[in-house]
Amino acid sequence: MRCSLVLGVMADDRPGIIETMSKLISSFGGEWTDSKMITMGGKFSGILLVEIPCREKPSFVDAMDSLKMRGVNVVVEEVLQPQEKEYREFYLEMIGHDRPGIIREITKLLAKYEINMMSLESRIESAAMSGETMFIGSTLVHVPSSVDLQLLESDFEGLANELLVDIKLLDMALL
């Protein structure tokens, strides 16, 4: 029997981190099935999904813990299959003048509707012509089928006006 594990990885950025991880995963008969990784502020960070033989889990977790001695912090969590909910997938785009609290207010609205964020990307950059600081963000969200989409879009319009941020909610089924 195989177990699915999610690994959260953080270290000072340097060559060889991914190779070290992949060698260890393979040495336990594991398979690297999915990942997202990035370097930001001189730190390497990643999250990956692996499958290993369940009998190897305790030794595998110990091996991941031992990477701390090499400056690589790994958190291991077993994937428990959540109860499936019906949802629609949307892509949310946001752009506007930067100000504190944009992500806080957007996530507050998402939580109100029990919308799950599957990914989030954001950055601050200077506008091309004016040089003003701009917030740019995007997220993939799962909206429960029970949510009234007209009401949700109305709430996003109100929030966009309040924050002075353009917010577009795009149905992934239509893209």
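Read-outs throughout are calculated quantities, based only on the coordinates presented, and are distinct from any laboratory measurement. Remember, predicted model here, so these are calculated numbers, not experimental data. Quick reminder, even Gly has a Cβ in these numbers, built from the backbone with ideal geometry, and neighbours come from all protein chains shown.
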## Note on the structure
Of all C-alpha pairs within the stretch 10-49, those more than 11 angstrom apart amount in percent to 65 percent
### Query
residue 22 versus residue 145, label points 7 Å from Cα toward the beta carbon: distance in nm?
4.0 nm
### Summary
Here the chain gives, from Cα atoms, an Rg and Dmax in Å of 20.0, 59
### Message
Just to confirm my numbers, what's the Cα centroid distance between the stretch 45-106 and the stretch 15-36 in Å?
### Response
15 Å
### Query
Hey, what's the per residue convex hull volume over the C-alpha atoms of the stretch 132-175, in cubic angstrom?
86 Å³
### Task
Under a 10 Å cutoff between Cα atoms, tell me which one of 139, 20, 107 has the largest fluctuation in the Gaussian network model of the chain.
20
### Task
Please report, largest first and rounded to whole Å, the three semi-axes of the ellipsoid equivalent to the stretch 84-152, where each semi-axis is the square root of five times an eigenvalue of the C-alpha gyration tensor.
28, 11, 10
### Query
When you count, for each residue, the other Cβ atoms within 10 Å and take the mean per peptide, how do 31-40, 53-62 rank with the highest first?
53-62, 31-40
